[in-house]
Amino acid sequence: MSVLPIVKWPDRRLSQVCAPVDDAAALGDLIQDMFDTMYDAPGRGLAAPQVGVMQRVFVMDPTWKEGDRTPYVCINPEIVSASDGVASGPEACLSIPGVSAEVTRPTEITLAYSDETGARCEAHLTGFAAICAQHELDHLNGVVIFDRLPAAERPQLETDYAALS
Ligand code: ZN
């Protein structure tokens, strides 16, 4: 069990597409270390590139801050369907501390993924869980909340972030 250092924007690893995981068992302690890091941060989701591992895996627990743990391990995740309905809300990111961005996303998705045993799973996600999964899956594609902003809004948020460091 270890809390790992979190990669911060603009580290280039946050802009790279991660490689598929061939063998879930070979991830070893990574999954537990990612949960330890996420809960310690504290956050509700963490993707492997945020701890410098360029593989397609994220963990999330969208409800733990309300006292109800629902941990997910999502290996090689894919969105198999998304609602036509979208909503906007503020999103924060452990790799971009101190700022939040208004991001628009589908409100419901069906996510296919492998769990830590390698079993293929499918989950219908709504509410914050749907947002969290889309945010973490973006990280596996080298996409961060800045990339989801309208072009006119991005420079100001990047300036705000740069001013914090
Ligand atoms: Zn993030």
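The values are calculated or read from the model by the stated rules, or taken from the named source; none is laboratory data. Keep in mind the model is a prediction, meaning the values are calculated, not measured. Please note: Cβ atoms are built from the backbone with ideal geometry, for glycine as well, and neighbour counts cover all protein chains shown. These accessible areas exclude ligands, DNA and RNA; they are computed on the full protein's heavy atoms, side chains included. Shrake-Rupley method; radii C 1.70, N 1.55, O 1.52, S 1.80 Å.
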Are there any trypsin sites (Lys or Arg not before Pro) in the stretch 7-37 that are in a DSSP loop and have at most 15 other Cβ atoms within 10 Å? List them by number. Lys8
With +1 on the Cβ of every Lys and Arg and -1 on the Cβ of every Asp and Glu, and nothing else charged, how large is the dipole of the stretch 68-165 about its Cα centre, in debye rounded to the nearest 20? 40
What's the FRET efficiency of Asp160 with Cys121 using the Cβ-Cβ distance as r and R₀ = 35 Å, to the nearest 0.05? 0.40
Principal axes of the stretch 59-100: Cα extent on each, largest first, Å: 31, 24, 21
Take Phe128, project a point 7 Å from its Cα along the Cβ direction, then tell me which residues of the stretch 71-88 have their backbone nitrogen under 13 Å from it. 71
Sorted by chain and number, the residues with a modelled amide H under 5 Å from that of Val21, at a separation of 5 or more or across chains, are Arg56, Asn76
So, with a 1.4 angstrom probe, what is the percent of accessible area on the chain that is carbon and sulfur? 51
Suppose the Debye formula is applied to equal point scatterers at every Cα of the stretch 12-164; what is log10 I(q)/I(0) at q = 0.11, 0.13 Å⁻¹? -0.41, -0.57
Of the trypsin sites (Lys or Arg not before Pro) in the stretch 40-131, which ones lie in a loop per DSSP and count no more than 15 other C-beta atoms within 10 Å? Arg69
